Every structure is written in structure tokens, then in C-alpha cells.
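The values are calculated or read from the model by the stated rules, or taken from the named source; none is laboratory data. Just so you know, these numbers come straight off a predicted model, no measurement behind them. FYI the Cβ positions are ideal-geometry reconstructions off the backbone, even for glycines, and counts take in every protein chain you see.
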Amino acid sequence: MGEDSIREQGLFDVGYGVVSVAITATGITIVATTGASYHGFKLISSASACTIKVYDSIAASTGNLLDVAFITATTGTSTHTWIPVKAKVGIVVCVTGSGASGIAFYGPKG
């Protein structure tokens, strides 16, 4: 069974796998505004330590917490879930600290 025939049967929401959104600054990054599958993140800090929190939300750092990590200065960390966490509302990433950058991985519903 080819990929096109699988899509036609409606077995997947989208015709591609995991996608990513850049996390380029501290603050809030809205990743998805509808239900989605959260797969993890990769984050690097620069001069100061930082904290990353991932919420099941559409616009704010509230709601159910999907993932959290503390990263010391000038290091990096990542998480990856083989079985994705289902976000019912959306996905929001909140980074505190300065100079952090990274990527959030998710599977959009669509």
C-alpha cells in the first residue's frame, strides 16, 4: 500500500511526519493552536541558565504541563518521546533566561 493510498483512506491527519518550530528567544512561542502530538525539543543556552516549559495551551504559559527542563549556562539538552504526548488544546513553549535557542518537535493535526 503506497503513501498516497494511505492518505486517501484517512489513516493519517497529514501527509508528513514530525515538523519543527524554531525557539529563537526567551518568552512564549506558540507552536500549535489546535490539538497536536508533542514529540520533544532541543535547546541550547548561552551566557545564562534557562528553563523551558511546554504547555497544553494556545496562547499562554498556563494549562497542563507537557514537558519541563532546566539548562545550565553554555550547555544544551533535548528530549524526545517515542510515544508522543497528545496536546488537546495546542502547544506553547515558554523559555525563561536569556540567549536560548532551539527547536520544538510536534505532529500537527490537520
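Filtering the range 72-110 to residues that are of a type in the set (D, E, K, R), part of a loop (DSSP other than H, G, I, E, B) and either modelled with pLDDT of 85 or more or in contact with a Pro (Cβ under 8 Å, 6 or more places away or on another chain) (or both) leaves only LYS88.
Looking only at the range 23-36, residues that are among the polar types (S, T, N, Q) and under 14 Å from ILE58 (Cα atoms) come to 3 in all.
For residues in the range 48-84 being touching a residue at least 40 places away in the same chain (Cβ under 8 Å) and touching a Ser or Thr at 6+ places or on another chain (Cβ under 7 Å), which is farthest from ALA32 (Cα to Cα)?
SER48
In the range 45-70, the residue that is nearest to the chain's Cα centre (by Cα) out of those that are of a type in the set (Val, Ile, Thr) and at pLDDT 90 or above is VAL54. Of the residues making up the range 31-79, those that are within 16 Å of VAL18 (Cβ to Cβ), buried (at least 19 other Cβ atoms within 10 Å of the Cβ) and among the hydroxyl-bearing types (Ser, Thr, Tyr) are SER37, TYR38.
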